[in-house]
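Right, one structure below, let's go through it.
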Amino acid sequence: MNELYRVRHGIQPPGRLQELLRRLNQYTKAHLTFEERLLKETGYPEFEAHLELHWVMKSRMAALAHQAEALDEDVAQELFDFLKA
């Protein structure tokens with residue numbers, strides 16, 4: 001969040017956002033894969049519904065990454081809002 005704040009306020013160059021999104025995507029995928037394995041192993045009763053939430057999160061992250069690649073100036077704010085939610 002601190003790095004994102006610095007990009008949003010011009011303290012770091014806008015190109016830094018692409019690197020932040022790349023790292024966040026890597027972390028998100030690793031975290032969700034680990035969580036999905038744990039939920040499945042423990043027989044989590046709402047497993048399928050929870051997988052749907054993961055799909056929504058992965059889709060949103062992919063859309064934000066696409067916006068960043070297109071140098072969309074609003075993506076930093078959108079990412080910030082998404083992470084706060």
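The values are calculated or read from the model by the stated rules, or taken from the named source; none is laboratory data. Model, not experiment: these values are computed from the prediction. Cβ: placed from backbone, ideal geometry, glycine included. Neighbour counts: every protein chain shown.
Collect the residues in the range 27-53 that are in contact with a helix residue (DSSP H, G or I) (Cβ under 8 Å, 6 or more places away or on another chain) and acidic (Asp, Glu), keeping them in residue-number order. So that I can check it myself, show each step before the final result.
Of the residues in the range 27-53, the ones in contact with a helix residue (DSSP H, G or I) (Cβ under 8 Å, 6 or more places away or on another chain) are 28-29, 32, 35-36, 39-40, 44, 47, 50-51.
If the condition is that a residue be in contact with a helix residue (DSSP H, G or I) (Cβ under 8 Å, 6 or more places away or on another chain) and acidic (Asp, Glu), then 35, 36 are the ones that fit.
Tell me the residue from 22, 60, 37 that is of a type in the set (Lys, Arg), surrounded by fewer than 11 Cβ atoms within 10 Å (Cβ to Cβ) and part of a helix (DSSP H, G or I), please. Explain how you work it out, then say what you get.
Values: 22 fails: surrounded by fewer than 11 Cβ atoms within 10 Å (Cβ to Cβ); 60 fails: surrounded by fewer than 11 Cβ atoms within 10 Å (Cβ to Cβ).
Every option except 37 fails the conditions.
Can you tell me which residue is modelled with the lowest pLDDT among those in the range 67-82 that are aliphatic (A, V, I, L, M) and surrounded by 11 or more Cβ atoms within 10 Å (Cβ to Cβ)?
Pass one, the range 67-82, residues aliphatic (A, V, I, L, M): 68, 70-71, 75-76, 79.
Retained after the next criterion (residues that are surrounded by 11 or more Cβ atoms within 10 Å (Cβ to Cβ)): 68, 71, 75-76, 79.
Working: 68: 75, 71: 64, 75: 77, 76: 74, 79: 79.
Checking each candidate, the answer is 71.
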